[in-house]
Amino acid sequence: MAEIIVEEKGKGKKRAKKHAPHIDMTPMVDLMCLLITFFMLTTAFSKAKVMDIILPEKIKDPTKQAPPKIVASRTLNIILGPDNKIYTYPGSVKPEEYSAVPPILPPLSPTDYSAEGIRKLLLDKNRMLARKIAEFNKQVISGKITIHKDSVKSEISKLKADDDTGPIVLIKAYNKANYGNFVDILDEMNICGIASYMFTKIAWYEEKMVENAAGISPTATSSN
Amino acid sequence: MPKIKLPTKSPHIDMTPMVDTFCVVLTFLMLTTTMRQPEPANVDSPFSISETPVPDFNRMTFLLSVDGKVFMNFDNGQDTLLAYRPKILAEMGKHYDIEFTDAELREFQKYPSSIGVPITDMKQFLDAKDAATRNALQKGIPIDSADNQLALWILYARKVNPTIQACLKGDTKTGFETVEKVLDILQEKNVNRFALITNLEATKINLEEIQQ
């Protein structure tokens, strides 16, 4: 294949050639090419990553332990709705307020998972802390602060612990949301550097609020 | 003047250096490859910015498929002599009064990918030799409150290996109802820390964006 056979012209006796015995490597190269292609296509170079999440401990006996008190003015509720939509509302709603006639409800604003949607909203609320973290990261990258790579994370978590202006985000999922939404929203918390967020169970009146906003008939919901 | 006649020789390319490089590349690829075991359900993990790699040992992975089935996988621990998997299965068997033979325990220890078989079918699953019979038995682990086998798997996995860490691997489109049920079961067993398995997708926010 790699050798072009040229007919040797010339008169006279043919002499046995005297050069080193030559091995044709072409089939070997062919085979190796195949193997390399196979391995390159099947190898998974990027290992899967994990995202840690810690859920609040379940309160098994509500009479003994009161749920933690949260400042309503800093609270932002994020409800993962159906069809990749997010519904947010500030503050808190009490069941009595929902049952009151007419119901006293905070405005439920729909948004989505894009950079222009929920990320913008979270960054707006978390501007102070996000700026601090971004500045810190910039100083680390530009070499103004020399710090070991491992301690960058703990430094950032210190910044987060000191923060008292950012939102306290409560994440709730309507049962028609999907796993991708759940990971996306937690990812968004990491991207925006939200100091305190919590994943909690959705309340029945919040389910109703989402159903009203999304235009779903309440019969479609399951028992939980 | 006589013409200088060049000897007509077949143009020959020396392949040796090429073979050398190929050998190096091939060896590298062969050594770094981690063959992926086929999972019982096809799962596309969602993306996140997290850069922590999946731990190699001491993890129990729950695979949540799109159609709401749950599969689980444990590892044998850092040292294969620890053999956590057969111990967990033996504990499960004790709970359900099912006696697993040594061959079955060994088969369970070696089984490379996730298992989603109700404990009552487990014996049949381990004795089956062909993949088709096995796949037919992969119905997902029962998670309803009447027969909550997942909770028992978690209980015994933690009993056998106290350092075990819970990992959740779900498809982007897996319904949240399934996820919530699994999270609930884990929390009931006092597991409050989870690792969600994702793929890396770098997203950064720069300073200018915030200051606008």
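The values are calculated or read from the model by the stated rules, or taken from the named source; none is laboratory data. Please read these numbers as outputs of a predicted model, since none were measured by experiment. With ideal geometry, Cβ positions are generated from the backbone for all residues, glycine too; neighbour counts draw on all protein chains shown.
Tabulated results
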| read-out | value |
| --- | --- |
| Number of the condition not met by A:Glu116 [criteria: (1) at pLDDT below 80; (2) exposed (fewer than 11 other Cβ atoms within 10 Å of the Cβ); (3) of a type in the set (D, E, K, R)] | (1) |
| Flag if A:Ala161 is among the small types (Gly, Ala, Ser) and either surrounded by fewer than 17 Cβ atoms within 10 Å (Cβ to Cβ) or in contact with a Ser or Thr (Cβ under 8 Å, 6 or more places away or on another chain) (or both) | yes |
| Test for B:Val24: is it of a type in the set (Val, Ile, Thr) and facing another protein chain (nearest Cβ under 10 Å) | no |
| Criterion (touching a residue at least 12 places away in the same chain (Cβ under 8 Å), within 14 Å of chain A (Cβ to nearest Cβ) and of a type in the set (Asp, Glu)) met by exactly one of B:Glu39, B:Glu107 | B:Glu39 |
| Conditions (1) facing another protein chain (nearest Cβ under 7 Å); (2) on the phi > 0 side of the Ramachandran plot; number of the one not met by B:Gly77 | (1) |
| Exclusive hit being more than 8 Å from chain A (Cβ to nearest Cβ) and at positive phi, set B:Asp97, B:Asp127 | B:Asp97 |
| Candidates B:Val179, B:Val191, filtered to the one that is at pLDDT below 90, in a loop (DSSP other than H, G, I, E, B) and surrounded by 14 or more Cβ atoms within 10 Å (Cβ to Cβ) | B:Val191 |
| Single condition B:Leu155 does not satisfy, out of (1) within 25 Å of B:Asp67 (Cβ to Cβ); (2) at pLDDT 85 or above | (1) |
| A:Asn84 modelled with pLDDT of 85 or more, loosely packed, with under 15 Cβ neighbours inside 10 Å and either assigned by TED's automatic domain parsing to the domain that holds A:Ala203 or in contact with a strand residue (DSSP E or B) (Cβ under 8 Å, 6 or more places away or on another chain) (or both) | yes |
| B:Ser10 crowded, with 19+ Cβ neighbours inside 10 Å and either at pLDDT 90 or above or in a loop (DSSP other than H, G, I, E, B) (or both) | no |
| Some residue of region A:175-193 being of a type outside the set (S, T, N, Q) and more than 17 Å from the chain's Cα centre (by Cα) | yes |
| Criterion violated by A:Pro56 - all others in (1) touching a strand residue (DSSP E or B) at 6+ places or on another chain (Cβ under 8 Å); (2) at pLDDT 80 or above satisfied | (2) |
| Single residue of region A:173-201 satisfying the filter (assigned to a loop (DSSP other than H, G, I, E, B) and in contact with a Leu (Cβ under 8 Å, 6 or more places away or on another chain)) that is surrounded by the fewest Cβ atoms within 10 Å (Cβ to Cβ) | A:Thr200 |
| Test: residue in region A:143-160 that is within 14 Å of chain B (Cβ to nearest Cβ), within 27 Å of A:Lys49 (Cβ to Cβ) and assigned to a loop (DSSP other than H, G, I, E, B) | no |
| Test: residue in region B:135-158 that is at negative phi, of a type in the set (Ser, Thr, Tyr) and more than 19 Å from the chain's Cα centre (by Cα) | yes |
| Boolean, A:Glu188 is closer than 30 Å to B:Gly68 by Cα, touching a helix residue (DSSP H, G or I) at 6+ places or on another chain (Cβ under 7 Å) and in contact (Cβ under 8 Å) with a residue 40 or more places away in the chain | yes |
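Residue-by-condition table, conditions (1) within 27 Å of B:Ile197 (Cα to Cα); (2) polar (S, T, N, Q); (3) out of contact with any Gly (no Cβ under 7 Å at 6 or more places or on another chain):
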| position | (1), (2), (3) |
| --- | --- |
| A:Pro110 | no, no, yes |
| A:Asn126 | yes, yes, no |
| A:Arg131 | no, no, yes |
| A:Ile145 | no, no, yes |
| A:Asp150 | yes, no, yes |
| A:Phe182 | yes, no, yes |
| A:Gly193 | yes, no, yes |
